[in-house]
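I have placed the structure first, in the form of structure tokens, so that the comments after it can refer back to it.
The values are calculated or read from the model by the stated rules, or taken from the named source; none is laboratory data. Owing to the predicted nature of the structure, the values given are computational and were not obtained by experimental measurement. All Cβ positions, glycine included, derive from the backbone under ideal geometry; neighbour counts span all protein chains shown. Remember, those area values only see protein heavy atoms, side chains included, never the ligands or the DNA or RNA. Shrake-Rupley method; radii C 1.70, N 1.55, O 1.52, S 1.80 Å.
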Amino acid sequence: MIKFLIRRLLSMVLVLWVIATVTFIFMHLIPGGPFTREKKLPAAIMRNIEARYHLNDPLPKQYLDYFRNLLRGDLGPSYTYEGRTVNEISADGFPGAATLGLAAVGIALLIGIPAGIISALYRSKWQDNLAMLLATIFVSVPNFILASLLMLVFALKLRWFPAAMWGEPSQIVLPALALTGFPTAFISRLTRSSMVEVMQQDYIRTARAKGLSNLAVVVRHALKNSLIPVVTYLGPLLAGNMTGRFLVENIFAIPGLGRYFVTSIYNRDYTVILGVTIFYSSLLVVLNFLVDLTYAWIDPRIRFTDSGKE
Amino acid sequence: MEAGTEMELFQPLQRENEEGYVFAQPATTYWRDAWRRLKRNRAAMVGLAVIVFLVFLALFGPYFCPYSYSDQDLTPEGINQPPSWRHWFGTDNLGRDLFVRVLYGARISLAVGVFASLIILCIGVIYGGISGYLGGKVDNIMMRVVDVIYGIPLVLVVILLMVILQPGLKNVMIAIGATYWIQMARIVRGQILSLKEQDYVMAATALGASRRRILLRHLIPNSIGPIIVTATLSIPEAIFTEAFLSFIGLGVAAPMASWGALASEGVQSLRSYPWQLLFPGLAICLTMLAFNFFGDGLRDALDPWMRR
Amino acid sequence: MLLAVNDLRTSFFTYAGEVKAVDGVSFSLDEGEAVALVGESGCGKSVTALSIMGLINPPGKILSGSIVFNGRDLIRLSERELRHIRGNEIGMIFQDPMTSLNPVLSIGTQIIEVRRLHQGLRGRVARQRAVELLSMVGIPSPGERLRQYPHQFSGGMRQRVMIAMALACQPKLLIADEPTTALDVTIQAQIIELMKELQAQLGMAIILITHDLGVVAGLAKKVYVMYAGRIVESGSVDRIYYHARHPYTWGLLASVPRLDDKPKKRLVPIQGQPPDLLAPPPGCAFASRCRYAMRICVQENPALLPSSDDAEHRVACWREDPEAAAFIGASRGGVA
């Protein structure tokens, strides 16, 4: 178990280093910079700006500087938000992002898992067909369309919820719902297929041969096993949900990280783009690590054999 | 006479010339079996019909319309018109007919979906095939690379690529194809790994078939089912990603407009002219739904593990 | 009479059509008696067992017949009543001990579960009883083993755990579905030996299901040979081993090595494949693989009838028909 932990931690650090390096290289591959796009600046001012952001240093030095800062947790200054650092922007945007993301994933789990189980148990009956029809529909509706439609119907026409405000609980409802559609549908499909597979396993037959009721078989013998794929998907889901928010935050004018990110794309604010990329990647890597721990907790074969998946 | 026939019944059976005696039934082939299952899946067949219909509309629809996608009508009676007989889907803020624009959008979305998933198919099959087939150290290194890419939210990768490549139809396809092959590579590798252990591959190896031959003749054809399914299901994903990119202004350049770009424009005027979002939005949903239904049906029909 | 299965018919309704997995099977056994159901994979022996347990899932369905256990017809019982019998009065062990135990639950949890369910046993008493069960099936240091997970056990040990689980409530009947197939040959003998000892000790009846006539002799007194969903021959172990009359049984016997064989004698496999139960050919299902097949064999199915010299020994073969005698003599001459 400890060997497993150490190996996972080491590979996490490696992955993050590679991601940071690759994004750094990307940054310098991009033609032009944040200041070349606007009206042609006088050469002297241009040089001043470049000196201020160390853009005229040789690349290896920039790389080392960037990494030294990165290790201290400093993502550098923003090019377009005068006088603000990427750290401040992230700190600003993260709480909104996290609240929304957790709310959406929470709802998705609460609805998706039971829906998937019911589908699997009533396989090919109307309950299953209905749930899977809904799931396929919601998998097919992009979140920015869903967000716009929710806004149109519930905020603009029915006026049940505010359209573009942030700070009160009632204002989280529509964006959270918009973000919940896809993960709920996806989780219920995932739960269903893994439940169907688990229910065909020999040990389920053994459990039934013991005389357990269908409910007891599902709860005691099938649930834990069939949630393994769902757990594996949670890391990418949470991270993907964060990126899915780019547009939803934009549509609902929520001051979240995603909104800054989209704005920084328009502005070619590279440090923000890279900072957010690294931030999200770290988040994903850490989440994946937590997922692996949960995985090991569920599955004794991993807990005791000191090896990872597969 | 009666007794005679009765006695003949107990004569030994002459195998070769005994009539009406079937020793073996014709085996149902994998593909015929799959097709039979697919045909029985109503949702998948509706999906297929919708796809065919959409492709038809995208290819020929614009020729039957009196407007082109860039015709403007800037008079007050021309801009932001609600749906009517003249303009089925209404007009936008430059007085352009939305129906034609949605039809052209279908060309872009479908093209991106198909070509991006072709790129995904090529990269994924080659990468996964090599990794799974060679195995050992090569496999290990190649899968580490996949892990690293998997560690970055893929949407970010696409966005970064688009920032580097600059918006444009071809670049959208390349960026999506270059990013979303991970899943395909993993599936192909998994298939190859499990197939490699099968007896017929061992037999081919023992008979001295070359690696190339084994890979092309045995391994790829036998993992073709999951590959087709993954490729089909990556079409809606590509369509979605393109819409997403266009929505944030990184997709196909104006005046051609993909559904994502149309929806993005629609959101700006959601309050006053909701149809400007509604029609492109519905088009995206309908197309993705059709591909998802069809892809799911294909998976159920082709997946040999589900066959029972 | 503990169990009487009468004209059982179980079919699976697949998308391609009806598969008659069990097609009119009858047999019975007394308390404490051990019988064997023998046949190739796919012949319906496992489906027979699952029908008795009431564990046939859609698309499978028991169409007709009766399964009278202890005076009650299991087919007519409600699911709730059946649950009370499963694991309590009838225990079952399965072919593959690797997959038949839940990998994410400890052995102890899985054993205790049975007693708790049927006898409300909990806590220390239940744990103590589980330890006893494990030591009864010959697992060393049972107290520690209780906390371990299936992957920490070897195949043979897992099958012992399965047996302990099946016997937890001291059932009157134990159904063992290919209990030794997935195990090494030396382990196979141990497991059969263990079942024999436990039977002597606890006095339960056993239905042993196997494709291997070799493992039958040690345990069962009576053998039912199944082919394509029907019983084609039945009788005492002695009769089946030394006086078999059905060509299929001959084939099964020829594919098993015997101690009284001459050294270097070749084992003879049965040629061909069992028939497709989706579209079974008319007549005897074995006819296409039978080298003694006669014209009538592909036209009409032979009934299971007592043989001429032993009423307990039943055979379903046209060669038993008096009218066939003349030709058999002739064909024998031909073969020799």
Residues with amide H under 5 Å from that of B:S258, placed H, sequence gap 5 or more:
B:V252
Considering protein heavy atoms only and a 1.4 Å probe radius, which residues within segment C:291-308 exhibit an accessible-area decrease of no less than 50 Å² in the full assembly relative to the chain by itself?
C:R295, C:I296, C:V298
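Once the Cβ-Cβ distance between A:A44 and B:Q198 is put in as r, and R0 is 60 Å, what FRET efficiency do you end up with, to the nearest 0.05?
Working: r = 71 Å, r/R0 = 1.18.
E(calc), rounded to 0.05, equals 0.25.
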Taking the Cα of C:S236, stepping 7 Å toward and past its beta carbon, and measuring to each backbone N in segment C:169-212: which are under 17 Å?
none
What FRET efficiency would be calculated for the residue pair C:Q201, C:K221, taking the C-beta separation as r and a Förster radius of 22 Å, to the nearest 0.05?
0.80
Output wanted: per-residue J couplings in Hz (rounded whole) for segment A:101-116, from phi through Karplus 6.51 cos²θ - 1.76 cosθ + 1.60, θ = phi - 60°, x for Gly and Pro.
x, 5, 4, 5, 5, x, 4, 4, 5, 4, 8, x, 5, x, 4, x
Heavy-atom accessible area per residue of the protein assembly as shown, all protein chains kept, 1.4 Å probe, expressed in Å², is 47
Mind jotting down the distance between the C-alpha centroids of segment C:145-202 and segment A:175-245, whole Å?
32
May I ask for the angle, rounded to the nearest 10°, between helix C:185-202 and the longest principal axis of chain C, with both axes built from Cα atoms and the value confined to 0 to 90°?
70
So how tilted is helix C:107-119 from the main axis of chain C? Cα-based, degrees 0 to 90, rounded to 10.
90
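Pairs of alpha-carbon atoms within less than 8 angstrom and 6+ residues apart define the contacts here; what relative contact order does segment A:117-208 have, in percent? Don't skip to the answer; put the middle values down first.
Values: 73 pairs, mean separation 33.6, N = 92.
The value is 37 percent.
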So, by mean Cβ neighbours within 10 angstrom, what's the order for A:151-158, A:220-227 with the highest one leading?
A:220-227, A:151-158
Pairs to check: B:K170/B:K196; C:K45/C:K172; A:K224/C:K20; A:K157/B:K170; C:K61/C:K222; C:K20/C:K172. Give those whose C-alpha atoms are more than 31 Å from each other in this structure.
B:K170/B:K196; A:K224/C:K20; A:K157/B:K170
Cα-Cα P(r), the protein assembly as shown, percent of pairs per 10 Å interval
2, 9, 16, 19, 17, 14, 10, 7, 4, 2, 0, 0, 0
Between C:I231 and residues 5 or more places away or on another chain, which pairs have amide H atoms under 5 Å apart, with H built 1.01 Å from N, and which residues are they?
C:S26
Report the A-B buried area as the accessible area lost on both sides summed, probe 1.4 Å, in Å² to the nearest 100.
3700
Could you state the angle between the C-alpha long axis of helix C:325-335 and the longest principal axis of the C-alpha atoms of chain C, as a value from 0 to 90 degrees rounded to the nearest 10?
90
On the formula 1/(1 + (r/R0)^6), with r taken between the Cβ atoms of A:L158 and B:L286 and R0 of 22 Å, the FRET efficiency rounded to 0.05 is 0.35
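Per the helix-only calculation at 222 nm, which mean residue ellipticity applies to the protein assembly as shown, given -39500 (n - 2.57) for every DSSP H run of n ≥ 4 and division by its residues, nearest 500 deg cm²/dmol?
-18000 deg cm²/dmol
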With every protein chain in place, the protein assembly as shown: carbon and sulfur % of accessible area (1.4 Å)
61
For C:102-110, mean number of other protein chain Cβ atoms within 10 Å
5
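What does the buried accessible surface come to for A and C, summed over both chains, with the probe at 1.4 Å? Round to 100 Å².
Between A and C, the summed buried area is about 2400 Å².
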Check: the protein assembly as shown dipole with +1 on Lys, Arg Cβ and -1 on Asp, Glu Cβ, in debye:
1720
Which of B:G177, B:V145, B:I284 sits closest to the plus end of the dipole of segment B:35-306, meaning its Cα is farthest towards the positive end, when Lys and Arg get +1 and Asp and Glu get -1 on the C-beta?
B:V145
